[in-house]
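The block underneath contains the structure these notes are about, expressed in structure tokens.
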Amino acid sequence: MPEASAQRLLGLVLAGGASSRMRRDKASLAYGGRTQLDRAAELLARHAAAVFVSVRADQVNDPVRARHALIVDSVDGGGPMVGIRSALAAHPQAAWLVIACDLPFLSDRVLAALLAERGRALAADPGLMATAYRSTHDGLPEPLCAVWEPRAAAALAEYHAGGGHCPRKFLMRHAARLIDPVERQALDNVNTPEEYADASRTLDAPAAGHPMQIKIQYYALMREQAGRSTETVDSAAATPADLYGELRARHGFTLSHEQLKVAVNGDFADWSRRLRDGDAVVFIPPVAGG
């Protein structure tokens with residue numbers, strides 16, 4: 001087996017829950033015109049080699065989930081533990097960047113910091129099973145925004161067989177690197193209609209009011225495809241990722257998120273950065289010739 005730090009990193013969105021407190025499917029909740037599940041999968045795709053959605057067997061034909069690559073629960077039981085174990089079983093040589101689908105404030109910056117710390121932690125402790133954030137509320141591990149290493153599979157199976165079902169308690173007992181949050185709200189999940197309403201007011205604020213004016217500059221291939229070097233658009237996009245989705249549909253851009261960098265008001269930015277009226281945005285394509 002190769003060294004863990006060199007292993008393929010895959011992404012997993014946990015979307016197999018019953019959403020009982022929400023009283024509707026959390027994966028289908030929408031922010032800025034995109035489902036919560038789609039937003040989570042797009043975020044992971046910028047950090048992992050491939051992205052999968054964890055589902056129960058009775059969810060495989062659900063249209064919200066079916067457009068993604070799926071990993072169907074393959075062990076008995078329920079909850080996040082089953083999703084994580086099923087992913088580790090499906091691709092046993094890979095490490096998994098696992099997130100819950102109901103983290104609407106999760107950002108590229110948060111995932112990048114997690115992966116950077118994971119690399120440092122593995123160099124110091126090759127026996128590491130996971131890297132996770134500490135909760136801002138109680139300081140305990142947050143297992144649903146974490147990197148799970150292949151070696152965790154056997155220990156999780158033993159823990160599960162002994163009656164354990166809580167990934168958080170597992171991380172409290174086993175070799176895990178815990179790091180402090182870099183964004184206070186990033187790991188706040190949305191479980192109830194009231195929490196969804198609060199999150200929507202924050203994330204959809206531009207759409208709820210007047211569209212913002214955003215100044216955009218294009219270079220290279222994007223300039224050719226747009227037929228212009230600059231434009232000012234009226235948009236309700238909450239983030240550069242949302243804005244690029246609108247522009248890609250309008251101009252037929254062929255470059256993906258992974259091939260671009262984004263700058264806002266002259267500074268490189270996360271794709272999840274909040275946009276404001278009057279912002280100047282540049283989408284930066286790869287430089288020809290390296």
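List of remarks:
- Among the residues of the range 152-169, those that are part of a helix (DSSP H, G or I) and touching a residue at least 40 places away in the same chain (Cβ under 8 Å) comprise Ala152, Ala153, Leu156, Ala157, His160, Pro167.
- Of all residues in the range 42-70, those being in a loop (DSSP other than H, G, I, E, B) and more than 18 Å from Leu10 (Cα to Cα) number 4.
- Val60 closer than 28 Å to Ala113 by Cα, at pLDDT 95 or above and of a type in the set (A, V, I, L, M): no
- Test result for Ala197, out of contact with any helix residue (DSSP H, G or I) (no Cβ under 6 Å at 6 or more places or on another chain), modelled with pLDDT under 85 and of a type in the set (Gly, Ala, Ser): no
- Taken together, the residues in the range 71-102 that are part of a strand (DSSP E or B) and within 18 Å of Leu144 (Cβ to Cβ) amount to 7.
- When restricted to residues that are of a type in the set (D, E, K, R) and in a loop (DSSP other than H, G, I, E, B), the range 119-151 contains 4.
- Qualifying residues in the range 32-43 (those that are modelled with pLDDT under 90 and farther than 15 Å from Arg273 by Cβ) - the one surrounded by the most Cβ atoms within 10 Å (Cβ to Cβ): Arg34
- Residue that is surrounded by fewer than 20 Cβ atoms within 10 Å (Cβ to Cβ), closer than 20 Å to Pro167 by Cβ and of a type outside the set (A, V, I, L, M, F, W, C), where the choices are Asp76, Asp62: Asp76
- Identity of the residue in the range 144-194, among the charged types (D, E, K, R) and within 21 Å of the chain's Cα centre (by Cα), that ends up nearest to Asp102 (Cα to Cα): Asp188
- Residue ID - farthest from Leu275 (Cα to Cα), chosen from residues in the range 244-259 that are among the aliphatic types (A, V, I, L, M) and surrounded by 11 or more Cβ atoms within 10 Å (Cβ to Cβ): Leu255
- For the range 5-31, filtered to residues that are touching a helix residue (DSSP H, G or I) at 6+ places or on another chain (Cβ under 6 Å) and not in a loop (DSSP other than H, G, I, E, B), the residue that is surrounded by the most Cβ atoms within 10 Å (Cβ to Cβ) is Val13.
- Of Ala226, Ala220, Ala237, Ala241, all but one fail to be in contact (Cβ under 8 Å) with a residue 24 or more places away in the chain, closer than 23 Å to Ala113 by Cα and either surrounded by fewer than 19 Cβ atoms within 10 Å (Cβ to Cβ) or not polar (S, T, N, Q) (or both); the exception is Ala241.
- Positions within the range 138-165 being closer than 25 Å to Pro104 by Cα and loosely packed, with under 14 Cβ neighbours inside 10 Å, in sequence order: Asp138, Gly139
The values are calculated or read from the model by the stated rules, or taken from the named source; none is laboratory data. Every value quoted in this text rests on a predicted model; they were computed, and no experiment measured them. With ideal geometry, Cβ positions are generated from the backbone for all residues, glycine too; neighbour counts draw on all protein chains shown.
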